[in-house]
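Reviewing the structure listed below.
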Amino acid sequence: MNHCGTKTLTTDRLILRRYVKEDAEAIYKNRASDKEVTKFLMWKPHPNEEFTRQFTDDCIKQYSNKNYYHWGIILKENGNEPVGDIAVVNMNEKISMAHIGYCIGKAWWHQGITSEALKAVIDFLFDEADFNRIESRHDPRNPNSGKVMKKCGMKYEGTLRSSDWNNQGICDACYYGLLKSDR
Ligand SMILES: CC(C)(COP(=O)(O)OP(=O)(O)OC[C@H]1O[C@@H](n2cnc3c(N)ncnc32)[C@H](O)[C@@H]1OP(=O)(O)O)[C@@H](O)C(=O)NCCC(=O)NCCS
């Protein structure tokens with residue numbers, strides 16, 4: 001492992017960068033307040049902008065940790081406001097494993113943005129942070145999330161029954177994984 005913290009990543013259409021205080025309004029408006037976005041997530045829609053401001057401040061504080069990886073997704077053509085979010089939400093350092101979570105505002109669904117962001121994060125976590133395994137999971141009722149993983153080369157590893165929960169209650173979890181040696 002070679003923890004290097006949340007570095008800015010750039011792709012053709014996107015900038016993945018650290019949050020700054022001024023992002024709170026856009027985070028709230030673009031994704032965090034939308035119950036369709038959070039339908040299969042483990043957190044409730046943010047009730048107000050003040051809540052999002054607190055969330056943003058908490059993220060910013062954690063950027064001083066070298067093992068904290070959390071990006072706002074900026075679509076270049078849309079200015080500098082985050083339209084989505086991608087992060088290492090769980091980590092097992094003994095096996096150099098990162099578990100990734102992501103979401104994007106509804107207005108930007110099905111434009112390949114999350115796949116483009118996940119590819120960049122995968123490359124960064126393998127090549128710079130030296131992880132060996134990257135995994136993610138989704139509720140089978142949310143298949144488009146699995147399609148993002150598949151599009152990024154992750155391999156389907158199985159479904160664990162009633163092993164997880166989200167805003168819909170207890171659910172199955174479809175796991176995808178990628179090893180450094182798979183690439
Ligand atoms: C799931 C989610 C992250 C997908 O993000 P996205 O940016 O729309 O995904 P992409 O555009 O990269 O799509 C990848 C593939 O999924 C499929 N797909 C995505 N959205 C789709 C839609 N609305 N209708 C049909 N297919 C869709 C397509 O096969 C697509 O591949 P293609 O671009 O070659 O057609 C997004 O819908 C989201 O944020 N949902 C709410 C939060 C969430 O569920 N997060 C994941 C929790 S596990």
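The numbers here are math on the coordinates, done by the rules we state, and not lab data. Predicted model only: the values in this text are computed from it and were never measured. Cβ coordinates were reconstructed from backbone atoms using ideal geometry, including for glycine residues, and neighbour counts include every protein chain displayed.
Of the conditions (1) buried (at least 18 other Cβ atoms within 10 Å of the Cβ); (2) under 16 Å from the mean Cα position of the chain (by Cα); (3) more than 13 Å from L41 (Cα to Cα), S96 clears all except one; give me its number.
The one condition S96 does not meet is (2).
What is the residue count in the range 10-32 for residues that are more than 13 Å from the ligand (Cβ to nearest atom) and closer than 17 Å to C103 by Cα?
12
Check the range 138-153 and report whether any residue there is assigned to a strand (DSSP E or B), under 18 Å from the mean Cα position of the chain (by Cα) and near the ligand (Cβ under 10 Å from one of its atoms). Explain how you work it out, then say what you get.
So in the range 138-153, the residues assigned to a strand (DSSP E or B) come out as 138.
With under 18 Å from the mean Cα position of the chain (by Cα) added as a condition, the list becomes 138.
Cutting the leftovers down to near the ligand (Cβ under 10 Å from one of its atoms) gives us 138.
Yes, there is a match, as at least one residue in the range 138-153 is assigned to a strand (DSSP E or B), under 18 Å from the mean Cα position of the chain (by Cα) and near the ligand (Cβ under 10 Å from one of its atoms).
Restricting to the range 103-146, what's the tally of residues that are closer than 19 Å to Y175 by Cβ and aromatic (F, W, Y)?
Qualifying residue count for the region: 2.
So which of K119, K94 is within 13 Å of the ligand (Cβ to nearest atom) and at negative phi?
K119
May I ask you to list pairs of residues, at least six apart or on different chains, whose Cβ atoms are under 8 Å apart, with the first in the range 131-155 being on the phi > 0 side of the Ramachandran plot and the second being of a type outside the set (D, E) and outside any helix (DSSP H, G or I)?
G153/L178; G153/R183
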